[in-house]
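Below is one structure, written out as structure tokens, with a few remarks after it.
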Amino acid sequence: MTIVVGYVPKPEGRAALRAAVEEADLRGEGLHVLNTSRGDAYVDPSYASPEDLAEVRGLLEETGLRFELDQRVGGRGGAEEVAATAARLGASLIVIGIRRRSPTGKLVFGSDAQRILLDAECPVLAVKAPAAD
Amino acid sequence: MGDFGALLDGFATALQPMYLLYALIGVTLGTAVGVLPGIGPAMTLALLLPLTYSLEPTAAFIMFAGIYYGGMYGGSTTSILLNAPGESSSIITALEGNRMAKAGRGSAALATAAIGSFVAGTIATVALTLVAPTIARLAVQLGPADYVALLVLAFLTVAAVLGSSPPRGIASLGIGLFLGLVGTDTLTGQQRFTLGLPALADGIDVVVVAVGVFAVGEALYVASRLRRGPIPLVPAGKGWMTKQDWSRSWKPWLRGTAIGFPIGTLPAGGAEVGTFLSYSAERKLSKHPEEFGKGAIEGVAGPEAANNASAAGVLVPLLTLGLPTSATAAILISAFQSYGIQPGPLLFQDESALIWALIASLYIGNVLLLVLNLPLVGIWVKLLQIPRPYLYAGILTFAALGSYSVGASTEDLVLLFLLGLLGWAMRNFGFPIAPAVVGLILGPIAEEQLRRALAISQGDATVLVTSPFAAVVYAALVVFLFLGWWLRRRQARTEAELAAVAATPAESERSSS
């Protein structure tokens, strides 16, 4: 069994990663870290840069856990990719980072977190970034 | 002295709140399209051409001038922070600017680009103010044969210098000239290339061609290669230009202006050539040649100044002779035409209020752009997060609306998308778009002048070369073509050197990613 983490190079993404590491430790399971971009804008702040990925890799290697780093361009939006990957791997848990959103923002852009909660077939752990981060 | 008074009158017009608002809209829009790669001022002006049906000329031209100048400013932002030039004239800026940003000096690079653009834009506008009326006064004496010579000059230089190779440029020019011929001949009433279709009898509207080739063509082209991974954006970073940055920047600003303005006035292919020349000049003159290729501030300051100075330079032949030397200028000409104004030597007499208000608005636009660009970089960069499908869907809708508004006919829409396919094919196979647009707009003018010259001489074709001015122009054409070839070789050599310089640091980056 594995735990799927939706990673974004932002405070909430890093919080999700930390929570996922703890959870994987407790359960003795592997981690599947997913970072995607639809690749249709010139700039996508959710897409991890090579430096970001190297940092994540370093962090995960330190923990000694079994892990897989998965970065892709294309496909559907991040939410659907996370849910689909979890279903494909038969994941035991999905970990995502969430942040405060304005109602207007949610109305216009929709909520990835909500989408994952509704689509996922396994439990979902939602983590907020600590205030100081 | 009369010119100075007229300029003050122009300021009095351009400073009215209504026109200030149009200038603000223009520079904002211009910066936005400058920031977005692939969407340039020429395309934006083409999309906005239908506005000329409802807006009064002064307001429209103040806005168009703002877009034109704004595009030059905006391009540098993307070059520096994204290493993806928003405009072809910002390619050089990316070389040093992006390295500066990676070294954490992004805000200094942005500042020297913006201030350099302001300095160069203002000085070049002053030069335009001084030079243009004089040239216009001289140009009034030109006869039809002289015009034919000038138009041939414009055709050949634009075709030869813009784009990847002269044959491609000339092929593209041919397409434009052909499209300009479609319709009913004004002199004989004969139908030309209309295929018997009533929809084509009035000719193809310039708006439909320009929007089709620029906007629809670009949208199709982007759609055909949509999936490209996002490019990492370098944050602008904190800090400001240091004392050393200022002292290293001001000379390149002035030198860039001195190089860019004359290059812009020549029909030598718009702003890119000036930036290349300025860059290689700065490299030679710099006291820190070792920094070039690693983020030398001179390499940002000079070319950015040059590209804004040549933007003003391009307006000199446009306003005095009616000769566009870039695609954007060609679209501006068709905007003049849709108001029934023929740009040419008489413009300064017949439309003096409009022209001086336009020139005054260039000064104002420069100030607005400086204010808009320096503190608001963060907002402009956000534009790059818009998914391209949304962006181009909007552009296509706007393009269709604009073309439909020209004549409220569905035939125009069909034509629009056919021409869009043509624009896509030209991009895809490496044919430059600008010569086609120049040919389309100047072709009918050239035909009229040629016929007039031949009618006056009663069919004697030698009149075309025997006028002293025409002879000088043809001689100059030979010189320009040679100069263009030389500049191109020079540019290629600079690029080769740059590739050699860039190869070493780029190697290490690639292995770490």
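The values are calculated or read from the model by the stated rules, or taken from the named source; none is laboratory data. All of these numbers come straight from a predicted model, not from anything done at the bench. Cβ coordinates were reconstructed from backbone atoms using ideal geometry, including for glycine residues, and neighbour counts include every protein chain displayed.
Any residue at all in region B:442-465 that is at pLDDT 85 or above, within 20 Å of the chain's Cα centre (by Cα) and assigned to a helix (DSSP H, G or I)? Yes: one or more hits.
I'd like the residue in region B:184-232 that is within 14 Å of chain A (Cβ to nearest Cβ) and touching a Gly at 6+ places or on another chain (Cβ under 9 Å) and, out of all such residues, is modelled with the lowest pLDDT.
Looking only at region B:184-232, we keep the residues that are within 14 Å of chain A (Cβ to nearest Cβ), and these are B:219, B:222-232.
Within this subset, residues satisfying the condition of being touching a Gly at 6+ places or on another chain (Cβ under 9 Å) are B:219, B:222, B:226-230.
Details: B:ALA219: 88, B:VAL222: 82, B:LEU226: 62, B:ARG227: 58, B:ARG228: 62, B:GLY229: 61, B:PRO230: 68.
Within region B:184-232, the match that is modelled with the lowest pLDDT is B:ARG227.
Being without any contact (Cβ under 8 Å) to a residue 40 or more places away in the chain and crowded, with 24+ Cβ neighbours inside 10 Å holds for only one residue in B:GLU291, B:GLU282, B:GLU304, and it is B:GLU282. Evaluating A:PRO130 against the criteria (1) exposed (fewer than 14 other Cβ atoms within 10 Å of the Cβ); (2) free of Cβ contacts under 8 Å to residues at least 24 places away in the same chain leaves one unmet condition, (2). Within region B:110-120, is there a residue that is closer than 25 Å to B:LYS382 by Cβ, surrounded by fewer than 24 Cβ atoms within 10 Å (Cβ to Cβ), small (Gly, Ala, Ser) and modelled with pLDDT of 85 or more? Yes. For region B:154-165, the condition of being of a type outside the set (Phe, Trp, Tyr), outside any helix (DSSP H, G or I) and on the phi > 0 side of the Ramachandran plot holds for at least one residue.
Give the number of residues within region B:357-411 that are among the polar types (S, T, N, Q) and more than 20 Å from B:GLY66 (Cα to Cα). Explain how you work it out, then say what you get.
Start the filter on region B:357-411 by keeping residues that are among the polar types (S, T, N, Q), which leaves B:361, B:366, B:373, B:385, B:397, B:403, B:405, B:409-410.
So of that shortlist, the ones also more than 20 Å from B:GLY66 (Cα to Cα) come out as B:385, B:397, B:403, B:405, B:409-410.
Selection size over region B:357-411: 6.
When B:LEU24, B:LEU51, B:LEU47 are checked against the criterion of being under 23 Å from the mean Cα position of the chain (by Cα) and either outside any helix (DSSP H, G or I) or surrounded by 20 or more Cβ atoms within 10 Å (Cβ to Cβ) (or both), B:LEU47 stands alone in meeting it.
Within region B:410-441, being under 17 Å from the mean Cα position of the chain (by Cα), β-branched (Val, Ile, Thr) and in a helix (DSSP H, G or I) holds for B:VAL437, B:VAL438, B:ILE441. Listed by position, the helices (runs of 4 or more DSSP H) contained in region B:313-397 that have at least 3 residues being more than 14 Å from chain A (Cβ to nearest Cβ) and crowded, with 20+ Cβ neighbours inside 10 Å are B:327-338, B:352-373. For the residues B:GLY269, B:GLY260, B:GLY176, the requirement of being away from chain A (no Cβ under 14 Å), crowded, with 20+ Cβ neighbours inside 10 Å, closer than 30 Å to B:ALA136 by Cα and at pLDDT 90 or above singles out B:GLY176.
On inspection, A:LEU59 does not qualify as of a type in the set (A, V, I, L, M) and under 19 Å from B:PRO387 (Cα atoms). Restricted to region B:1-21, and to residues there that are more than 26 Å from the chain's Cα centre (by Cα) and outside any helix (DSSP H, G or I), the residue that is surrounded by the most Cβ atoms within 10 Å (Cβ to Cβ) is B:GLN16. Of the residues making up region A:31-54, those that are over 16 Å from B:ARG388 (Cβ atoms), within 13 Å of chain B (Cβ to nearest Cβ) and either in contact with an Asp or Glu (Cβ under 8 Å, 6 or more places away or on another chain) or free of Cβ contacts under 8 Å to residues at least 12 places away in the same chain (or both) are A:ASN35, A:THR36, A:PRO50, A:GLU51, A:ALA54. Test B:LEU181 against the stated conditions and say whether it is at pLDDT 85 or above, of a type in the set (A, V, I, L, M, F, W, C), farther than 30 Å from B:ASN366 by Cβ and crowded, with 21+ Cβ neighbours inside 10 Å. So B:LEU181 does not fit the description; no.
One residue alone among A:GLY74, A:GLY78, A:GLY105 is loosely packed, with under 14 Cβ neighbours inside 10 Å and either out of contact with any His (no Cβ under 8 Å at 6 or more places or on another chain) or within 14 Å of another protein chain (Cβ to nearest Cβ) (or both), and that residue is A:GLY105.
The residue that is modelled with the highest pLDDT, counting only those in region A:111-127 that are part of a loop (DSSP other than H, G, I, E, B) and surrounded by 12 or more Cβ atoms within 10 Å (Cβ to Cβ), is A:CYS122.
Among the residues of region B:54-86, those identified as within 14 Å of another protein chain (Cβ to nearest Cβ), closer than 22 Å to B:THR325 by Cβ and crowded, with 24+ Cβ neighbours inside 10 Å are B:GLY74, B:GLY75, B:GLY86. A:LYS10 satisfies every condition listed in (1) buried (at least 18 other Cβ atoms within 10 Å of the Cβ); (2) touching a residue at least 60 places away in the same chain (Cβ under 8 Å) except (1).
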